[in-house]
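Notes to accompany the following structure.
The values are calculated or read from the model by the stated rules, or taken from the named source; none is laboratory data. Please read all numbers here as calculations on a predicted model, not as lab measurements. Here the Cβ positions follow ideal geometry from the backbone for every residue, glycine too, while neighbour counts run over all protein chains shown.
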Amino acid sequence: MSSDRECLVSVQSQLRSIETQIANQLGTTPPVTPPVTPPVVPPASGVITHQSLGPQGVAQALTSQLGVIHAFPLPAGAHTLSSTGLPDTPQELKLEWAISKVAGDFTYAQSTAASVVGRGGVVYHPCAQSGGVESGGVKWNPTGDTGTCKAAAGMFVNMRFVSGIPANTDATITYSWW
């Protein structure tokens, strides 16, 4: 994105220079051209959208790298998803799971809309889970509570590795849902 922005700024600068040259030749004042700000678009390559979580109750292997987001359509109903490592999965690997309305989004899970206020005013975020591979996973159902995300058809469960392996290095986990 920074290279696109740099290119746009360079082109804008060249256009202003040409406008000034033309205005000087004509003996007029060059027009004031407001800078164009490109829209902020998340990189599509950073999100891999899968067709499904795979068959219910069947462990699925997932190989990924730091920062790559995997988005899965959420099966309807009340379910639990959990992850575990393989013998060669680094024990230091940390990951995040987040349920959201948009594939690749991790902000909804921490939002007020997805939070639940429990006893004593304690705010819970049941749509988000982070930690080691063995502690990873989320629960969802149509009603939700302090430990279960309120989720409906059309939502996504997103996962990414956040630390514990070097950049550009693959690691494999398994996950299953029931």
*Under the condition of being at negative phi and assigned to a helix (DSSP H, G or I), which residue from region 119-164 is modelled with the lowest pLDDT?*
S135
*Sort out which residues of region 63-76 are within 17 Å of S163 (Cβ to Cβ), of a type in the set (A, V, I, L, M, F, W, C) and outside any loop (DSSP other than H, G, I, E, B), and write them in order of number.*
L66, I69
_Pairs with Cβ under 7 Å, 6+ apart, first in region 143-155 and within 20 Å of H70 (Cα to Cα) and in the same structural domain as H125 (by TED's automatic domain parsing), second basic (K, R) and assigned to a loop (DSSP other than H, G, I, E, B)_ = M155/K101
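Any idea which of H50, H79 is in contact with a Lys or Arg (Cβ under 9 Å, 6 or more places away or on another chain) and farther than 16 Å from S163 by Cβ? Walk me through how you get there before you give the answer.
Values: H50 fails: in contact with a Lys or Arg (Cβ under 9 Å, 6 or more places away or on another chain).
None of the other options fit; the residue is H79.
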*From the list P73, P87, which residue is without any contact (Cβ under 8 Å) to a residue 40 or more places away in the chain and surrounded by fewer than 21 Cβ atoms within 10 Å (Cβ to Cβ)?*
P87
*May I ask you to verify whether Q91 is under 20 Å from A167 (Cα atoms) and assigned to a loop (DSSP other than H, G, I, E, B)?*
yes
